[in-house]
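S.K.: Take a look at this one; I'll ask things after.
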Amino acid sequence: MPSKPASAPPAKLPVTAGQALTPMAFVAAIVAAYQRYDMDPTQALELAQIAPTDLRNPAARISAAQMECISGAAMQELDDEALGWFSRRLPWGSYGMLARASLSAPNLGRALQRWCRHHGLIASDIALNLSVTGDTATLAITEHSDLGGLREFCLVSVLRNIHGLACWLIDSRLPLQGAQFPFTAPPHHEVYEVLFPGPTRFGCAQAAVLFDARYLALPLRRDEAAMNQMLQRALPLTVRQYRRDRLLVTRVRQALAAQPAQTRSAEDLAALLHVSPRTLHRQLVEKGTSLQTLKDEVRQGRARELLLRTARPLKQVADAVGFQNEKSFIRAFRNWTGQTPNEFRRSGRS
């Protein structure tokens with residue numbers, strides 16, 4: 001989604017050591033784009049400090065900074081932000097144009113719908129579609145032409161781009177519930193855990209990412225000035241992991257209420273939400289609450305409901321709201337309300 005003019009020379013970006021996770025297969029796909037246009041990739045490889053011999057080593061990896069460097073250089077030299085994926089070039093600035101067209105949307109859902117619609121106007125080889133089923137939103141890609149040897153790199157990049165833009169637009173982490181791809185697991189399949197945090201499945205009908213549909217209602221947090229600044233260096237959006245999650249408290253409450261037996265520990269809850277326990281605790285503190293506070297709120301509300309609306313024994317109520325035993329439940333309930341569960345049940349029915 002860059003916005004520099006196509007005539008600008010490739011800029012040499014600082015290539016930091018970083019963790020080398022990006023598979024050489026993606027670099028090979030960029031080199032294949034140069035070959036398609038009968039151009040020489042040497043300068044781009046040198047800028048990214050990638051040795052030609054590394055291209056012949058499928059086990060080799062490069063850092064995110066190196067990937068940003070070679071991708072940016074190739075997009076400018078080839079004047080194709082799609083890097084040879086499609087039957088026609090997408091001139092430098094094409095994805096920036098799509099991003100600007102989405103900026104005035106009232107919420108993320110409308111912004112993504114615009115992106116999907118407008119992407120079809122500039123590249124007919126694929127179609128993007130946003131759909132919602134129940135509580136799950138799906139961004140899927142339908143292939144209308146043979147993407148050949150660039151298929152994996154294309155599908156991965158398109159989904160990473162739109163996911164990165166979505167996070168930037170709402171200034172929030174947008175956790176993925178899963179990702180799926182219509183090809184067999186590649187030799188470097190382990191890197192997909194980093195590219196798409198959450199379960200990844202291969203051999204599916206189409207490429208797609210899935211996430212909680214509630215994020216679609218979030219308003220955009222960016223303006224034109226922020227857009228201009230972002231477009232000066234947009235490629236990191238595809239690798240940046242946002243710390244802030246604007247719906248984290250809502251998601252925690254929902255998980256605690258829906259799966260009490262599976263969320264008794266911070267570790268279990270964090271795994272369910274695809275974050276580390278440390279990140280979970282830190283982000284809740286940043287939002288002025290804590291995991292224990294949310295647990296107490298959810299458990300107390302559920303306990304009150306069961307005590308007043310059912311005749312379940314206390315042991316069953318304790319288990320239903322996530323307590324290991326009846327004794328700990330009674331102690332916690334007395335701390336919440338000043339009454340034992342039985343006293344509360346009698347007073348509520350009198």
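Where a number appears in this text, it was derived from the coordinates with a stated rule and is not lab data. Just so it is clear, the model here is predicted, and its values are computed rather than measured. Note: ideal-geometry Cβ built from the backbone for every residue, glycine included; neighbour counts use all protein chains shown.
S.K.: Farthest toward the dipole's positive end in the stretch 60-166, which of 90, 111, 65, given Cβ charges of +1 (Lys, Arg) and -1 (Asp, Glu) about the Cα centre?
M.R.: Result: 111, furthest along the dipole toward the positive end.
S.K.: Let me have the relative contact order for the chain, percent, based on Cα pairs under 8 Å that are six or more residues apart.
M.R.: This gives 14 percent for the chain.
S.K.: If you place +1 on the Cβ of every Lys and Arg, -1 on the Cβ of every Asp and Glu, and leave all else neutral, what size is the dipole of the stretch 22-238 about its Cα centre, to the nearest 20 Debye?
M.R.: 580 debye
S.K.: How large is ³J(HN,Hα) for each residue in the stretch 168-183, as worked out from phi by the Karplus curve 6.51 cos²θ - 1.76 cosθ + 1.60 (θ = phi - 60°), to whole Hz, x for Gly and Pro?
M.R.: Per-residue couplings from phi come out as 5, 4, 9, 6, 7, 5, 10, x, 8, 7, x, 9, 9, 9, x, 9 Hz.
S.K.: In degrees between 0 and 90, to the nearest 10, how far off the longest principal axis of the chain does helix 248-258 point, with axes built from Cα atoms?
M.R.: 50 degrees
S.K.: Using θ = phi - 60° and the Karplus form 6.51 cos²θ - 1.76 cosθ + 1.60, what ³J(HN,Hα) does each residue of the stretch 148-154 get, whole Hz, x for Gly and Pro?
M.R.: Working through the residues one at a time gives x, x, 8, 4, 4, 4, 5 Hz.
S.K.: Here is a further query. Can you check what the net charge comes to around residue 331, using other residues whose Cβ is under 14 Å from the Cβ of residue 331 (Lys, Arg +1; Asp, Glu -1)?
M.R.: Combined, the nearby Lys, Arg, Asp and Glu give 0.
S.K.: Quick check: from the Cα gyration tensor, does the stretch 22-238 come out rounded (a/c under 1.5), prolate or oblate?
M.R.: Prolate shape, in that a/c is at least 1.5 and a/b is the bigger ratio.
S.K.: Can you run phi through the Karplus equation (6.51, -1.76, 1.60; θ = phi - 60°) for the stretch 52-68 and list ³J(HN,Hα) in whole Hz, with x for Gly and Pro?
M.R.: Per residue, the Karplus-derived 3J(HN,Hα) values read x, 5, 5, 4, 8, 10, x, 7, 5, 9, 10, 7, 4, 5, 5, 5, 4 Hz.
S.K.: For every other residue with a beta carbon closer than 9 angstrom to the beta carbon of residue 135, add +1 if it is Lys or Arg and -1 if Asp or Glu, then tell me the sum.
M.R.: In short, 0.
S.K.: Between residue 326 and residue 184, what length in nm is gained on full extension when 0.36 nm per residue of separation is reduced by their alpha carbon distance?
M.R.: So the extension gain works out to 46.2 nm.
S.K.: At a 10 Å Cβ-Cβ cut-off, how would you order 297, 68, fewest neighbours first?
M.R.: 297, 68
S.K.: Using only the alpha-carbon atoms, how far is helix 108-122 inclined from the longest principal axis of the chain? Give it as 0 to 90 degrees, nearest 10.
M.R.: 20 degrees
S.K.: Excluding residue 303 itself, calculate the net charge of residues whose Cβ lies under 14 Å from the Cβ of residue 303, where each Lys or Arg counts +1 and each Asp or Glu counts -1.
M.R.: Neighbour charge sum, excluding residue 303 itself: +4.
S.K.: Where the centroid of each part is defined by its Cα atoms, how far is the stretch 47-89 from the stretch 142-173 in Å?
M.R.: 16 Å
S.K.: Right, another one. At 222 nm, what helix-only mean residue ellipticity would the chain give, in deg cm²/dmol to the nearest 500, using -39500 (n - 2.57) for each DSSP H run of four or more?
M.R.: After summing the helix terms and dividing by residue count, I get -14500 deg cm²/dmol.
S.K.: Among 54, 245, 212, which one shows the biggest mean-square fluctuation in a GNM of the chain, springs joining Cα atoms closer than 10 Å?
M.R.: 54
S.K.: Taking amide hydrogens as modeled 1.01 Å from N in the peptide plane, which residues meet the under 5 Å criterion relative to residue 136, leaving out close sequence neighbours?
M.R.: 213
S.K.: For the chain, modelled as a GNM with alpha-carbon contacts under 10 angstrom, which of 218, 272, 308 fluctuates the most?
M.R.: Ranking 218, 272, 308 by mean-square fluctuation puts 308 first.
S.K.: I would also like to ask the following. Percent relative contact order of the stretch 248-349, based on C-alpha pairs within less than 8 angstrom and at least six residues apart?
M.R.: Computed value for the stretch 248-349: 24 percent relative contact order.
S.K.: Between 334, 88, 110, find the one with the highest GNM mean-square fluctuation for the chain; connect C-alpha pairs within less than 10 Å.
M.R.: Judging by the Gaussian network model, the answer is 334.
S.K.: With axes computed from alpha carbons, what is the tilt in degrees of helix 291-309 against the longest principal axis of the chain, rounded to the nearest 10 within 0 to 90?
M.R.: 50 degrees
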